[in-house]
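Shown next, in structure tokens, is the structure this report addresses.
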Amino acid sequence: KPGPQGGKEGAFTALRPSFRATERWPLADENLRARRAEGFTVARLLPAEGAFRGEAALVSLGGGGIEENLLDTHAGQVLAFAASGNENTYPSATMGAVALIRQTIADARWQRQARAAYAAGTLAERPPTNPDLAALEPLATGGAKAIFATGDLTDLLRAVRFAQELGLAADFLGSGDEYRRLEEVRRTVSALVLPVAFPGAPQVDSTGQALNVTLEKLRAWDLAPENPARLHAAGVAFALTADRLKDPGRFRRNVAAAIARGLPEDAALAAL
């Protein structure tokens with residue numbers, strides 16, 4: 001049945017759609033100051049664990065805690081094709097995560113239909129109510145948006161097809177490597193939330209280090225700053241995010257790097 005799995009602290013929890021980002025306030029004062037210094041005053045907080053991760057929240061980045069800064073508790077249900085990586089914990093692989101998400105959406109729709117049938121008197125026995133399925137009903141029935149957090153380009157393309165298949169309204173958090181299959185992204189993705197967490201230069205100080213640097217890593221280091229410009233030229237709309245930056249204070253420098261690699265200044269400003 002859907003619901004938190006495991007039970008031990010730190011255990012992988014695949015299903016927790018009833019969790020809300022407002023249950024934790026993850027931004028320390030130093031982090032808040034760094035984001036404000038970059039010009040951010042509002043953020044959308046996304047839970048970061050599992051396949052069904054829970055409800056995002058819209059918050060102000062002012063001082064104090066969640067009580068002083070909460071703007072909206074229903075800012076999207078966060079999904080990811082996250083696997084446990086452990087053969088003893090389901091889902092252990094991406095294929096299992098896909099099946100789990102598909103079945104859970106179907107279960108949420110069934111629960112809503114069953115409750116409606118009971119209320120109308122066409123179902124004799126009152127159906128049980130699962131809190132996690134109840135939390136997913138707005139998403140499953142078109143009343144709320146999904147936010148797909150993607151780990152790479154393959155994840156993004158899979159998420160777009162998945163949302164279309166299940167009839168889900170969705171936003172997509174990209175990974176920064178969309179340039180690898182730009183034409184396919186252009187055909188299938190209308191809008192993205194785009195990180196500017198560009199990879200650092202590979203370590204090649206010694207012969208051994210240089211031999212371990214793959215062509216793929218070199219391409220990523222070279223082309224990632226050009227990703228926003230290529231998406232803009234392809235006609236893909238995007239908003240820029242500080243997500244995945246270990247130091248939010250690097251945000252404007254990285255946006256400047258994207259501008260230096262061809263992103264028009266007006267497009268960069270619009271994406272903010």
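The values are calculated or read from the model by the stated rules, or taken from the named source; none is laboratory data. Here the structure is a predicted model, which is why all the values come from computation and not from measurement. Here the Cβ positions follow ideal geometry from the backbone for every residue, glycine too, while neighbour counts run over all protein chains shown. Note: accessible area is taken over every heavy atom of the protein model, side chains too, but ligands, DNA and RNA are not part of it. Shrake-Rupley method; radii C 1.70, N 1.55, O 1.52, S 1.80 Å.
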Amide hydrogen neighbours beyond the local backbone of Asp72, cut-off 5 Å, H modeled:
Leu58
Hey, can you find the accessible area per residue of region 58-188 for me, probe 1.4 Å, expressed in square angstrom?
49 Å²
Relative contact order %, the chain, counting alpha carbon pairs below 8 Å whose residues are six or more apart:
13 percent
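Quote the charge dipole size of region 39-123 about the Cα centre in Debye, to the nearest 20; the model charges only the Cβ of Lys and Arg (+1) and of Asp and Glu (-1).
Working: 6 positive and 7 negative charges, 85 e Å.
Taking the Cα centre of region 39-123 as origin, the dipole is about 400 debye.
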For the chain, share of DSSP beta bridges that run antiparallel, in % to the nearest 5:
40 percent
Starting at the first residue of region 102-119, write each ³J(HN,Hα) from the Karplus equation 6.51 cos²θ - 1.76 cosθ + 1.60 with θ = phi - 60°, in whole Hz, x for Gly and Pro.
4, 5, 5, 4, 4, 5, 5, 5, 5, 4, 5, 5, 5, 5, 5, 5, 5, 5
Taking Lys and Arg as +1 and Asp and Glu as -1, residues besides Arg115 with C-beta under 14 Å from its C-beta add up to 0
Computed, not fitted: 222 nm per-residue ellipticity of the chain from DSSP H runs ≥ 4 (each -39500 (n - 2.57)), nearest 500, equal to -11500 deg cm²/dmol
Quick one: which residues, 5 or more positions from Leu240 or on another chain, have an amide H under 5 Å from its amide H? H modelled 1.01 Å from N in the peptide plane, none for Pro or chain starts.
Leu194, Leu272
Within the chain, what whole-number % of the accessible surface is contributed by carbon and sulfur, with the 1.4 Å probe and all protein chains included in the calculation?
51 percent
With unit charges on the beta carbons (Lys and Arg positive, Asp and Glu negative) and the dipole taken about the Cα centre of region 186-269, which residue among Ala260, Ala239, Val213 sits farthest to the positive side?
Ala239
Might you report the magnitude of the Cβ-based charge dipole of the chain about its Cα centre, with Lys and Arg at +1 and Asp and Glu at -1, to the nearest 20 debye?
340 debye
From the backbone phi of region 141-157, what are the Karplus-calculated ³J(HN,Hα) couplings (6.51 cos²θ - 1.76 cosθ + 1.60, θ = phi - 60°) in whole Hz, Gly and Pro given as x?
10, x, x, 8, 9, 8, 10, 8, 8, 9, x, 7, 4, 4, 4, 4, 5
From the Cα gyration tensor of region 63-113, with a ≥ b ≥ c the square roots of its eigenvalues, which class applies: rounded if a/c is under 1.5, or else prolate if a/b is larger than b/c, or else oblate?
oblate
Applying the Karplus parametrisation 6.51 cos²θ - 1.76 cosθ + 1.60 with θ = phi - 60° to the phi angles of region 19-27, what ³J(HN,Hα) value in whole Hz is obtained for each residue in order, glycine and proline being reported as x?
6, 10, 4, 6, 6, 9, 10, x, 8
What percent do you get for the relative contact order of region 123-257 when only Cα pairs under 8 Å and 6+ apart count?
22 percent
